[in-house]
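Colleague: First the structure, which I've put down as structure tokens, then a few questions once you've had a look.
The values are calculated or read from the model by the stated rules, or taken from the named source; none is laboratory data. This structure is a prediction, so every number in the text was calculated from the model and none was measured. Cβ: placed from backbone, ideal geometry, glycine included. Neighbour counts: every protein chain shown. Keep in mind that these areas ignore ligands, DNA and RNA; they rest on the heavy atoms of the full protein, side chains included. Shrake-Rupley method; radii C 1.70, N 1.55, O 1.52, S 1.80 Å.
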Amino acid sequence: MSAAHILVVDDEPSLRKYLQTVLELDSYRVTTAANGTEAVEKVQQQNPDLVLLDMVMPGPDGLETLQRIRQARPSTKVVMLSCVRDTRKVAQAMRLGAQDYLSKPVQKEEMEEVLRFCLENMEPDGPGAGEAIEVSEGVFFFSATQQMRQLRAQALQVAKFDFPVLLLGESGTGKEVLAHLIHKYSDRAHRTFLKVNCAAVPSELLESELFGYEPGAFTGANKAKPGKFELCNKGTLLLDEIGEMSPALQAKLLQVLQDGQFSRLGGRTTVKVDVRVLAATNINMPQAIAQKTFREDLYYRLNSFVLRMPSLRERREEIPMMLRHFMIRLADRYACAPLNVSPRLVEACENYDWPGNIRELENFVKRFLVLGDESVAIAELQRGSALDMHNGTPAPVAESPPQPQPDLKEMVRSLKNGAEMEVISQVLEETAWNRKRAAVKLNISYKALLYKIRQYDIRPRQVG
């Protein structure tokens, strides 16, 4: 296989030369461009496998150049080169189709990890491969493995046909994102998309939530209110956690799927609607049918087509992309600089089983962003201390051989924690427990200080 061809685009000659030298030493074919206009020309003429594109340049900047490259060669992968202050621009670049980003000054190890991920996930079948596709505002569908590319292709195919789809998979895998993808590429894309979590609404209220009610239907019903089916007419309705719906309400839902009509709660007339229903659940459907908690006829009505969302441990190759994606998105949300995602951290994340799936990974990145301590983040994964999003218990981890006594790392960590606690306590006392002043003196963020106070259970010292 021939060496991958990389185009380096930056207005700084010294950085262009440095990146070219480093990449050529790793056996890549490298060409360079000093501005966006030259970059687009070389993309059209040379069709490189990947472009390293500077965010801030005179003339067409990185975002404009990215858009032109995507128009000229949609399948070309682009990695942005950004300063730490460019968080919002990087987030916008990811929405425009950039695969990843590298923070300046570029670290060789991090660049190798990003290039390995992007180039190993090249798909010869055309554009859109190995990308994070934005399916709605701030919601992305990842497809960097063969399994996920096949799922994406199935979703795009079934989107064209107007029948119910049953979405299966563990909690936190992204079934709602898959529903958004189906809606986006359907003929109803310009219409309403609504989601109802059947587990979050009490069963006695779910009927009125879905089908609405007339005045006097129950105490407090002073005026008519349309339900989600009416509000979603001509659009797509996602019934999340449908396995939690009561059997009585399942019967009414079955009628709507069959006839396209229903009566509001307390109503005497029928309402006709045209709604595409997508249903998602993490339960074992055959078992629920056997136990009479889910109607068999409704199941067969819903499963015209079934898509199963794999767990994150079944698609570990996507973890590097997701780590960087969440880092950019969350840094943008909290208006702070994104942290470096090192190969060591990526490896620790790839080795963890993620019982809470993508939702747990996002929360992990959030904690890492707040605390800013990579060693603490990695230790959390190694100990399996991240919470299982299913039941709030510690996630299962592989058993390690019993240790007869604490090893050197544990002893050093214990001493470090003790010293850190003592320093924080002392500064808090010196500032009369003014935590904002203490955070400034300690040169850490206010949130990080609050976390440390809770972690070590630090309290004001008693006098007398």
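This table checks each residue for (1) open to solvent by 70 Å² or more (accessible area, probe 1.4 Å); (2) among the aliphatic types (A, V, I, L, M); (3) modelled with pLDDT of 75 or more.
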site: L369; (1), (2), (3): no, yes, yes
site: D373; (1), (2), (3): no, no, yes
site: G384; (1), (2), (3): no, no, no
site: N434; (1), (2), (3): no, no, yes
site: L442; (1), (2), (3): no, yes, yes
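Colleague: Under 6 Å by Cβ, and 6 or more places apart or on different chains, what pairs join a residue from the range 275-287 that is of a type in the set (A, V, I, L, M, F, W, C) with one that is open to solvent by less than 10 Å² (accessible area, probe 1.4 Å) and part of a loop (DSSP other than H, G, I, E, B)?
Modeller: As it stands, the answer is V275/C232, since those pairs meet every condition given.
Colleague: Among the residues of the range 2-17, is any of a type in the set (G, A, S) and more than 32 Å from the chain's Cα centre (by Cα)? Show your work before the answer.
Modeller: First pass over the range 2-17, keeping only residues of a type in the set (G, A, S): 2-4, 14.
In the following step, the residues that additionally are more than 32 Å from the chain's Cα centre (by Cα) were identified as 2, 14.
Yes, some residue in the range 2-17 is of a type in the set (G, A, S) and more than 32 Å from the chain's Cα centre (by Cα).
Colleague: Report whether or not K272 is closer than 30 Å to G216 by Cβ and surrounded by fewer than 16 Cβ atoms within 10 Å (Cβ to Cβ). Outline the logic, then answer.
Modeller: On the way: closer than 30 Å to G216 by Cβ: yes; surrounded by fewer than 16 Cβ atoms within 10 Å (Cβ to Cβ): yes.
In short, yes.
Colleague: Specify the residue that is modelled with the highest pLDDT; the eligible residues are those in the range 31-52 that are open to solvent by 20 Å² or more (accessible area, probe 1.4 Å) and touching a His at 6+ places or on another chain (Cβ under 9 Å).
Modeller: Among those residues, the one meeting the criterion is T31.
Colleague: Additional query: Output yes when any residue across the range 202-209 is touching a residue at least 40 places away in the same chain (Cβ under 8 Å), touching a Phe, Trp or Tyr at 6+ places or on another chain (Cβ under 6 Å) and crowded, with 16+ Cβ neighbours inside 10 Å, and no when none is.
Modeller: First pass over the range 202-209, keeping only residues touching a residue at least 40 places away in the same chain (Cβ under 8 Å): 203, 206-208.
Next, from what is left, pick out any that are touching a Phe, Trp or Tyr at 6+ places or on another chain (Cβ under 6 Å): none.
For the range 202-209, residues touching a residue at least 40 places away in the same chain (Cβ under 8 Å), touching a Phe, Trp or Tyr at 6+ places or on another chain (Cβ under 6 Å) and crowded, with 16+ Cβ neighbours inside 10 Å: absent.
Colleague: Something else: D240 passes all but one of (1) surrounded by 12 or more Cβ atoms within 10 Å (Cβ to Cβ); (2) under 19 Å from R276 (Cβ atoms); (3) free of Cβ contacts under 8 Å to residues at least 60 places away in the same chain; which number fails?
Modeller: The number of the failed condition is (3).
Colleague: Check R88, R70 and return the single one that is under 17 Å from L339 (Cβ atoms) and among the basic types (K, R).
Modeller: R88
Colleague: Filtering the range 80-93 down to residues that are under 19 Å from the mean Cα position of the chain (by Cα) and surrounded by 22 or more Cβ atoms within 10 Å (Cβ to Cβ), which residue is modelled with the highest pLDDT? Before you say what the answer is, go through the steps one by one.
Modeller: Just the residues of the range 80-93 that are under 19 Å from the mean Cα position of the chain (by Cα), to begin with: 87-93.
Still in the running and surrounded by 22 or more Cβ atoms within 10 Å (Cβ to Cβ): 87, 90, 93.
Values: T87: 69, V90: 79, A93: 82.
Per the criteria, the residue is A93.
Colleague: Sort out which residues of the range 1-30 are charged (D, E, K, R), surrounded by fewer than 18 Cβ atoms within 10 Å (Cβ to Cβ) and under 17 Å from I69 (Cβ atoms), and write them in order of number.
Modeller: Our first condition is that a residue be charged (D, E, K, R); within the range 1-30, this holds for 10-12, 16-17, 24, 26, 29.
Add one more test, that the residue is surrounded by fewer than 18 Cβ atoms within 10 Å (Cβ to Cβ), and what stays is 11-12, 17, 24, 26, 29.
If the condition is that a residue be charged (D, E, K, R), surrounded by fewer than 18 Cβ atoms within 10 Å (Cβ to Cβ) and under 17 Å from I69 (Cβ atoms), then D11 is the only one that fits.
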